[in-house]
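The next block holds one structure in the form of structure tokens; read it before the comments.
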Amino acid sequence: MELGPPRRRRARPVADAPVDALLARTQDLTKGWLLALLEQAPLDEAPSILAADVARDGPRVCDAVIRALADDTDLRRLQPGGALELLVSQTGEFAGAHSVDAASRAVDALGAVIWSAVRDALPQPDPDQVSELAERLAVVIELVRGATLRRAAGEEVPAPAQIRPERPAGPSPVSDPPPAPQAPPPPPRAAPAPRPEPPEHREGEHREPEHREPETPPPDALWVGAIEDEIARSERGGTPLSLLLVELEESERLAAVEEPHEVMATFGRFAQAVRSVLRRQDTLACESDTRAWIIARDTGRLGAQALGSRVVGAVRAAPPWRGAPLSVSVGLAVLGEDGRDREGLIEAAEESRFAAEASGIGVVGEGRSEESGERGPLLRG
């Protein structure tokens, strides 16, 4: 008989974790977390809680924690240097924490809300399953706590693209690197702006079909690291990968004529509609309130087109704005056909989204593949 204290086994991913049920509740979990933050905060500190930031980024934090329960790849994204470390490190700031202890309490509140949801999602829990989920969630929450406390203590949490070792260069035309260690965006594009089109250009019956360089996000965007992770995984396993860009139409006009609370409510309906059709293997990253990227793991062109069609349908079925259904334009890119690295995929998705928006047609033929000349789906609805 072995003597001495028992050794804790490594908290393995829980394959039968109720991930799908929990992902469908990220909005509710975020509300519960916000209420918990307000409840534990002293009255004079309650105004410092960034409720708007919690509402915007809280679902992404909950999403990251939930996915890590069942997948070690998603767990690594929360580790130091992971693609989502910077996102979860802001947990204390969302709570308005002014000290390391307050930041730690904000993480505890998040963990308690998610654990309560996990127990609710297990109507007839097996004791071993509950134990495994408790251990795994503890590991995930401690990763969130570590990132949060490092940030609260004043440590710099680098963006993923700045700390990830560079992958071997593919056939990308980028060959003029600056002093920074990571590859820059392709030279033909000017420095990107969050929204290149001014509001007045969206007025009128049809968008001006003038030429516009596709918009590419800066290399330190939080979700760019997730794309690189999925590209590496796809190349190792020989599995397909697609990237979809979804943008809400008429958002500038909506923001110009509506009260702020109605604008945010409409944007929230858009985000919820997109989230409602995601599958377990999909990763959603919101670049802004009106632009969302979907990283579709194990998905080729036909699967991506089907997912894009579901997005279009879900948004149109959402509560309307001033009696008219919400509309989106969707562009997609497939790894290996439309691009071999993150820059190529992002640019191809941008180009096909712009083409779909300019066409004004629900499903516009197909977008051209770089290798075979095949056409990929362009969606608008």
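The values are calculated or read from the model by the stated rules, or taken from the named source; none is laboratory data. Keep in mind it's a predicted model, so treat the numbers as computed, not measured. Every residue, glycine as well, gets a Cβ built from its backbone with ideal geometry; the counts of neighbours run over all protein chains shown. Side chains included, ligands, DNA and RNA excluded: accessible areas come from the protein's heavy atoms. Shrake-Rupley method; radii C 1.70, N 1.55, O 1.52, S 1.80 Å.
Name the residue from 318, 356, 339 whose Cα lies farthest towards the positive end of the charge dipole of region 290-365, charges +1 on Cβ of Lys and Arg and -1 on Cβ of Asp and Glu.
318
Normalise the Cα radius of gyration of region 81-137 by 2.2 N^0.38 Å (N = residues in it) and let me know the number.
That ratio works out to 1.39.
Which distance in nm do the two modelled labels at residue 324 and residue 53 give, with both placed 7 Å along the Cα-to-Cβ direction?
Those two pseudo-labels are separated by 3.5 nm.
Rounded to the nearest 0.05, what FRET efficiency do residue 99 and residue 306 have when you use their Cβ-Cβ distance and R0 = 51 Å?
E(calc), rounded to 0.05, equals 0.55.
Which is farthest toward the positive dipole end of region 251-347 among 256, 303, 286, measuring Cα position about the Cα centre, with Cβ charges +1 (Lys, Arg) and -1 (Asp, Glu)?
In region 251-347, that residue is 303.
Can you tell me how much longer the chain between residue 142 and residue 317 gets when fully stretched, taken as 0.36 nm per residue apart minus their C-alpha distance, in nm with one decimal?
59.1 nm is the gain from fully extending residue 142 to residue 317.
I need the shape label for region 225-308. Rule: rounded when a/c is under 1.5, else prolate if a/b > b/c, else oblate, with a, b, c from the alpha carbon gyration tensor.
prolate
Whenever you get a sec, line up 297, 150 from highest to lowest accessible area (probe 1.4 Å, protein heavy atoms).
Sorted descending by solvent-accessible area, the residues read 150, 297.
Given +1 on the Cβ of Lys and Arg, -1 on the Cβ of Asp and Glu, and no further charges, what dipole in debye does region 53-120 carry about its Cα centre, rounded to the nearest 20?
60 debye
Could you give the length gained on full extension between residue 258 and residue 280, defined as 0.36 nm per residue of separation minus the Cα-Cα distance, in nm?
Answer, rounded to one decimal: 4.4 nm.
Could you tally the net charge around residue 332, taking each other residue with its Cβ under 9 Å from the Cβ of residue 332, Lys/Arg +1 and Asp/Glu -1?
That works out to +1.
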